Amino acid sequence: MDRRLRIGTRGSPLALAQAGMVADALRTAHGCTVEIVTVRTSGDRIQDRPLAEVGGKALWTKELDLALLAGETDVSVHSMKDVESERPPALCVAAMLPRADVRDRLLGAPAIESLDEGAKVGTSSPRRMAQLLRLRPDLRVETIRGNVGTRMARLEIGEFDATLLAAAGLDRLGLAGVGAPIGIEEMLPAPSQAAVGIECRADDAEVRALLLAINHAATHACVSAERAFARAVGGTCHSPVAALATLRGEEIRLEAELLSSDGGEQVRGETVFAADDVAASAALGRALLDRAPPAVRMLFSA
């Protein structure tokens, strides 16, 4: 086809790799011409403070949204974990690629239990911090920012004893052998982890139809359930929240947990529901908040 599509993406190596995956899928499906347009986001510029202090997840999406709404790009490619649960009504997540490995990997030690007493672990995720401290209250967990290469370099020079990174991101960067996988029974992943989403203007019927051809329906259904759960609990960048949905035939099983900042308190639950029953995800979120101790509930805005 003669249609030319412009893909907006952040400029990090991982973001460019994911944009390349989308470009390849579109070329294969439609034979179209694809251009990758790099957009520098606030999250890329601000590297010295936790995201929660300077604007949250919107720092990864704001500039991409503006370029898309202005017609400078036709689609945006996102790591869905970094996309706010509430999105502008003028935009639509029209497709998702098949989900990759949802687990975290530990770099610097073969397992969490093998870390030295009082080891310094770097992470920018409240979820990972809370889950680590729940397992190992003795650890010193401190903020680390930057892309995958930057974090690995800071580990290499001894600034940290260990760090946690998403297995999917490492794999997409050709680092499949790096780090020790952490089982989901130890650390349930963040909502939408390992999913790549493609967003377009809601009123662009032509592009929505093109994206539908590369949409992985099972991933879309599961990630939508996790995002509905996150909306229901009102999670922010300050909120230690984990959720994982898996498709089993015509049903989705959703596991989720909310934690206090130090991991000392948590509430966890699961539910099984019809794949098209998004309301069930929100119901689990409300149920967990109702059961949550004050140290957990205070971190959520619902």
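Here are some notes:
- The residues listed here are Ala209, Ala217; of these, the one that is of a type in the set (Gly, Ala, Ser), more than 22 Å from Arg231 (Cα to Cα) and without any contact (Cβ under 8 Å) to a residue 40 or more places away in the chain is Ala209.
- The single condition among (1) under 11 Å from Ala225 (Cβ atoms); (2) without any contact (Cβ under 8 Å) to a residue 12 or more places away in the chain that Leu284 does not meet is (2).
- Failed item in (1) of a type in the set (Asp, Glu); (2) surrounded by fewer than 20 Cβ atoms within 10 Å (Cβ to Cβ); (3) within 22 Å of Leu188 (Cβ to Cβ), with Glu206 passing the rest: (3)
- Residues of region 223-264 satisfying the condition of being hydroxyl-bearing (Ser, Thr, Tyr), without any contact (Cβ under 8 Å) to a residue 60 or more places away in the chain and not in a strand (DSSP E or B): Ser224
- Flag for Thr246 being in contact with a strand residue (DSSP E or B) (Cβ under 7 Å, 6 or more places away or on another chain), surrounded by fewer than 18 Cβ atoms within 10 Å (Cβ to Cβ) and either under 22 Å from Thr61 (Cβ atoms) or of a type in the set (Ser, Thr, Tyr) (or both): yes
- Filter result (over 24 Å from the mean Cα position of the chain (by Cα) and of a type in the set (A, V, I, L, M, F, W, C)) within region 140-168: Ile157
- Matching residues, region 110-160, being of a type in the set (Ser, Thr, Tyr) and in contact with a helix residue (DSSP H, G or I) (Cβ under 6 Å, 6 or more places away or on another chain): Thr123
- Considering residues of region 1-38 that are in contact with a Cys (Cβ under 9 Å, 6 or more places away or on another chain) and either under 18 Å from Ala70 (Cα atoms) or part of a loop (DSSP other than H, G, I, E, B) (or both) only, the residue modelled with the lowest pLDDT: Met1
- Region 265-292, residues that are in a strand (DSSP E or B) and aliphatic (A, V, I, L, M): Val267, Val272, Ala274
- Applying a threshold of 6 Å to beta carbon distances and a minimum spacing of six or more residues, or different chains, the list of pairs starting in region 61-85 at a residue that is touching a residue at least 24 places away in the same chain (Cβ under 8 Å) and ending at one that is among the charged types (D, E, K, R) reads Thr73/Arg6; Asp74/Arg6; Ser76/Glu199; Asp82/Lys57; Glu84/Lys57; Ser85/Arg227; Ser85/Arg231.
- Those residues of region 254-299 which are closer than 12 Å to Arg134 by Cβ and not aliphatic (A, V, I, L, M), in sequence order: Glu257, Ser260, Ser261, Asp262, Gly263, Gly264, Glu265, Gln266, Arg268
The values are calculated or read from the model by the stated rules, or taken from the named source; none is laboratory data. Bear in mind that the values here come from a model prediction, so they are computed numbers and not experimental data. Positions of Cβ are backbone-derived with ideal geometry, glycine not excepted, and every protein chain shown enters the neighbour counts.
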